[in-house]
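Everything on this sheet refers to the single structure shown next.
Read-outs: derived from the displayed coordinates by stated rules, not from any lab. Note that the structure is a prediction, hence the values are computed from the model and not measured. FYI the Cβ positions are ideal-geometry reconstructions off the backbone, even for glycines, and counts take in every protein chain you see.
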Amino acid sequence: MNVDSGYGIDLYWLPLGAGGRSVRLNGRVYEAVLARLEKRPPLALYHSALVVNAPSGCFVIEVTPIASGDRTARGAVAEGAVGSRLGRRFQVFRYEVRCWRNGTIPDVDEAVDSPRHLSADAAVAEHVLRLAPCVPTLGWGRDESGTGDMWNSNSVISWLITRSGLPIETVQHPAGGRAPGWNAGIIVARREQVKCRDDESVSASAE
């Protein structure tokens, strides 16, 4: 085991829509409707992100809407469709997976019960970076794999943790809340073999 106190993997939980009124409002409406259908109280919704500090550098792994400009400058390593794949040609209906060297998590000051230190193993940290371009790019908000849970940003993070070999069962979301999509990532990670779209190491992402 290659362990160094300077390396590791940290998980951050951010309230859904932190810093964005529209996403936060839509999330609350969605949760209120679902809670009523399931006959339970509404819960706080969370979005997750990773900070990976490895020998090759420090990276932020997060899923965001597609942004304009140079995708390599912000560490975009994969992208997928939001909702129907028919709308993929339009930027507004696409998301991207970022593995951003020296990147930042917007509104990290709103994170709850974070960071959660998942590992201090440098080798595992590097492994997560290599896995980032291999994340499945399933339709956001859909259950294309029949997991019983939608695919979204939380699915990407739980997929990475599961494929890295870390004990995903010990990772809990903040009390009194839930993370839609988390179970989808775990199920897909355990079911499928990794197929990378790019043979290049993610550690080569632009600074």
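Which net charge results for the neighbourhood of Ser114, defined as the other residues with beta-carbon distances under 12 angstrom from its beta-carbon, given Lys and Arg at +1 and Asp and Glu at -1? Once positives and negatives cancel, what remains is -4.
May I ask for the equivalent-ellipsoid semi-axes of segment 47-148, computed as the square root of five times each C-alpha gyration tensor eigenvalue and listed largest first in whole Å? Mind dumping the intermediate values first?
Details: eigenvalues 122, 50, 42 Å².
Value: 25, 16, 14 Å, ordered largest first.
Under a Cβ-Cβ cut-off of 10 Å, what is the net charge of the residues other than Ile9 that fall near it, where Lys and Arg count +1 and Asp and Glu count -1?
Numbers: positive: Arg116; negative: Asp10, Asp121.
Computed value for this residue: -1.
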